[in-house]
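*Asks:* This is the structure, below, for whatever I ask next.
The values are calculated or read from the model by the stated rules, or taken from the named source; none is laboratory data. Computed from a prediction, not measured in an experiment: that's the story for all the values here. Note: ideal-geometry Cβ built from the backbone for every residue, glycine included; neighbour counts use all protein chains shown. For accessibility, only protein heavy atoms count, side chains too; no ligands or nucleic acids. Shrake-Rupley method; radii C 1.70, N 1.55, O 1.52, S 1.80 Å.
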Amino acid sequence: MASASSPVIKDAKVLMVGAGGIGCELLKTLALSGFSDIHIIDMDTIEVSNLNRQFLFRQSHVGQSKAKVARDAVLKFRPKINITSYHANVKDPDFDVDFFKEFNVVLNGLDNLDARRHVNRLCLAADVPLVESGTTGFLGQVTVHVKGRTECYECQPKPAPKTYPVCTITSTPSKFVHCIVWAKELLFSKLFGDKNQDNDLNVRSSDAASSSKNVDDIFEHNNDEDITQYGRRIFDHVFGYNIELALSNEETWKNRNRPKPIYSKDVLSDDFAKQNGNLDNDNACSDGLSVSAMSSLGMKNPQDVWSLRENSRILLEALRLFFTKREKEIGNLSFDKDDQLAVEFVTAAANIRAASFGIPLHSLFEAKGIAGNIVHAVATTNAVIAGLIVIEAIKVLKNDVNKYRMTYCLEHPSRNLLLMPVEPFEPNKSCYVCSESPVLLEINTNRSKLKDVVEKIIKAKLGMNLPLIMNASNLLYEAGDIEEDMVAIYDANLEKVLAELPSPVTGGTMLTVEDFQQELKCNINIKHREEFDEEKEPDGMVLSGWTQPASAEETKDKSVSNGANTSDAPTAAESENDDDIGIVSPVKKRKLPDDSNKPNTDDAKHQKQLQVIDDEDDLVMLDGNLDGFKKRRVS
């Protein structure tokens, strides 16, 4: 290992992307290891919830730029080094390929897949080595990506967020996470977000006398209507009337447990308003995000599981506080895990719905973790991973190819090891990013529009930001800074079905898609297909040949909850714990080359595959007998 005074360290120009949990530790470790020219990009500002692990930040820094504050904090104990901070999005056009070419190595400490893919592509285009990282709880990983020598970040599948059919969420929930999604995405959004959004909550009750005369007005609060009565009306509609309406379809409940309608009069006495908070002298703090229904009702422990009555009181009190303390925000709100009142409302609503469907209730602490996809971070793991990043960065700078390692940090020892080093894979020849292999898109060319392909495939799945689409020599669409007359033409093309474009796209067509910002080019082979399974293929199109996660049919969903014993978890297919918390779609273990030191049968039984997700990163971890992880040595 090079010393801190070594030119390979002292003269290196390093780009850090992300100044959060890993980033704070990484910047500190780089500075103390002798690096003297460090650039940091981060678009986020500091939040109170960051302070328990992002040690460079203090209470007084809340609301300020993470990159700038981190820079200032490190310069206090390393004043002679150069640190440049950018409070910006790494996807901004200023950070192009030429910008990346200025650096000797790029170190990622990001918290989302989209930005990681973007940085991976710029590093490939600029031919700059990338060291990736991630943590979740006690688990972590560091991987090295060098163009032409190792696989790129997108050569292998990554975990994808779990999605649920709308019918399950609105009609037949069977898990608490279904109730959370309903409370967060439907009820909360309908009450406090855009009132004009479409969802199934305002289905008209069969009891016309009790229901609103106009279905569209069911969620409207009239100025002369008492807020308590409004709250009870909403309560009765979503937990009572709509459940009764659902029960009228006998076919749905032939093989399911029937839900129980819940009305406010059944769980709250008529004088509950007198008990439900102090209307004149709230204990709840009145400054924005600090307003709390729990405080108003004198409830303190977020780890208590509330009764149905307590959940009902919290729901109505939270609704009252939104309309009395935060009325100006109503109509523009979206769920935020750091918004205490929003979390209280969603927890209570999810629990009431869970009670109706016979699903176990959860505490606010648990519900917040589910709603915010939170796996609580461990500062020590971030510190360990930051150290490993620096070790791999030094190897890269020394061009010590044979010593590159992907290293996994485990929660429990495997063969007496908590840190498991693995030789990196060589590039995947079928990777559409670094090997430019074509992908296949099955689609109904007579029904699907070009807009669908752009939004659902090119941007959402292939991760391009400013795509240009060509059919042979004909330009169908281009995003970015273009002339106004061309904008009108491209906008018109977006609304046309593929087969009716000026240069028709039909079965057998090969589209060429480029993103000049990422300097990425991809060919898409089109295969016409008439029908799609609405449940399994909701997009009405199927993309293959890209590094997508395994489907639910291939493996059961594997999830990792807060405090879960992840390193002892069975394979996804064997797991009996099906709580979809921090949900990840499992991926297949990569096929490894034959090796003379194959593990014996007993050892093989203990090999495991873990997939975990975190507010710091998405992780794909391999755990088991070290002999089973001999890889092709990169050359």
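*Asks:* Using a 1.4 angstrom probe on the protein heavy atoms only, could you order Phe425, Phe365 from most to least accessible area?
*Replies:* In descending accessible area the options line up as Phe365, Phe425.
*Asks:* Using the alpha-carbon centroid of each, what span in Å lies between segment 402-445 and segment 352-386?
*Replies:* 28 Å
*Asks:* Rank these by accessible area, largest first, 1.4 Å probe: Glu534, Glu392, Glu366.
*Replies:* Descending order: Glu534, Glu366, Glu392.
*Asks:* Principal axis lengths of segment 392-481 from Cα atoms, whole Å, largest first?
*Replies:* Over segment 392-481, Cα extents along the principal axes are 59, 32, 26 Å.
*Asks:* Would you mind checking the pairs Lys449/Lys521; Lys368/Lys451; Lys91/Lys328 and listing those with alpha carbons more than 25 angstrom apart?
*Replies:* Checking Cα-Cα distances, Lys368/Lys451; Lys91/Lys328 exceed 25 Å.
*Asks:* For Thr407, what accessible area in Å² do you get when you roll a 1.4 Å probe over the heavy atoms of the protein chains, rounding to the nearest 10?
*Replies:* Its heavy atoms expose roughly 10 Å² to the probe.
*Asks:* Not counting ligands, DNA or RNA, and with a 1.4 Å probe, what is Met470's accessible surface area in Å² rounded to the nearest 10?
*Replies:* The value for Met470 is about 50 Å².
*Asks:* Taking every pair of Cα atoms in segment 439-544, average 1/r, invert it to obtain the Kirkwood radius, and report Rg/Rh to two decimals.
*Replies:* With Rh from the inverse mean 1/r over Cα pairs, Rg/Rh is 0.95.
*Asks:* Go through segment 130-144 residue by residue and turn each phi into a ³J(HN,Hα) via Karplus (6.51, -1.76, 1.60, θ = phi - 60°); whole Hz please, and just put x for glycine and proline.
*Replies:* Using θ = phi - 60°, the values come out as 10, 10, 9, 7, x, 9, 8, x, 8, 9, x, 7, 9, 10, 10 Hz.
*Asks:* If the convex hull of the alpha-carbon atoms of segment 47-199 is projected onto planes in all directions, what is the mean projected area in square nanometres?
*Replies:* 13.7 nm²
*Asks:* Tell me, what is the per residue accessible area of segment 421-471 in Å², probe radius 1.4 Å?
*Replies:* I get 38 Å² per residue for segment 421-471.
*Asks:* Continuing with the same structure: Applying 1/(1 + (r/R0)^6) with R0 = 35 Å to the Cβ-Cβ distance of Ala379 and Asn416, what FRET efficiency is obtained, to the nearest 0.05?
*Replies:* Working from the Cβ atoms, E equals 0.90.
*Asks:* Let me ask another. In segment 464-526, how does Rg compare with the Kirkwood Rh, expressed as the Rg/Rh ratio over alpha carbon atoms?
*Replies:* Value, to two decimals: 0.96.
*Asks:* Now for a separate question. Using a 1.4 Å probe on the protein chains only, how many percent of the accessible area of segment 373-518 belongs to carbon and sulfur?
*Replies:* Answer for segment 373-518 is 51 percent, counting heavy atoms of protein chains only.
*Asks:* Okay, moving on. For Asn249 and Ser503, compute 0.36 nm times the residue count separating them, minus their Cα-Cα distance, and round to one decimal in nm.
*Replies:* Answer, rounded to one decimal: 86.7 nm.
*Asks:* Determine the gain in length on full extension of the stretch Ser363-Phe55; use 0.36 nm per residue of separation and subtract their C-alpha separation, reporting nm with one decimal.
*Replies:* 108.0 nm
*Asks:* Using a simple spin-label model with points 7 Å from Cα along the Cα→Cβ vector, what separation in nm is obtained for Lys449 and Asn523?
*Replies:* Result for the modelled spin labels: 3.0 nm.
*Asks:* Right, something else. Sort Glu484, Glu478 by accessible area with a 1.4 Å probe, largest first.
*Replies:* If we order Glu484, Glu478 from most to least accessible, we get Glu484, Glu478.
*Asks:* OK, next. In nm, to one decimal, how far is the Ile330 label point from the Ala492 one, both placed 7 Å along Cα→Cβ?
*Replies:* 4.6 nm
*Asks:* OK, next. Calculate the translational D of segment 1-122 in whole µm² s⁻¹ from Stokes-Einstein, where the hydrodynamic radius comes from the Kirkwood formula applied to all Cα pairs, the temperature is 20 °C and the viscosity 1.002 mPa s.
*Replies:* Rounded, D is 146 µm²/s.
*Asks:* I'd like the accessible area for His376, computed on protein heavy atoms only with a 1.4 Å probe and all protein chains in place. Round to 10 Å², please.
*Replies:* 80 Å²
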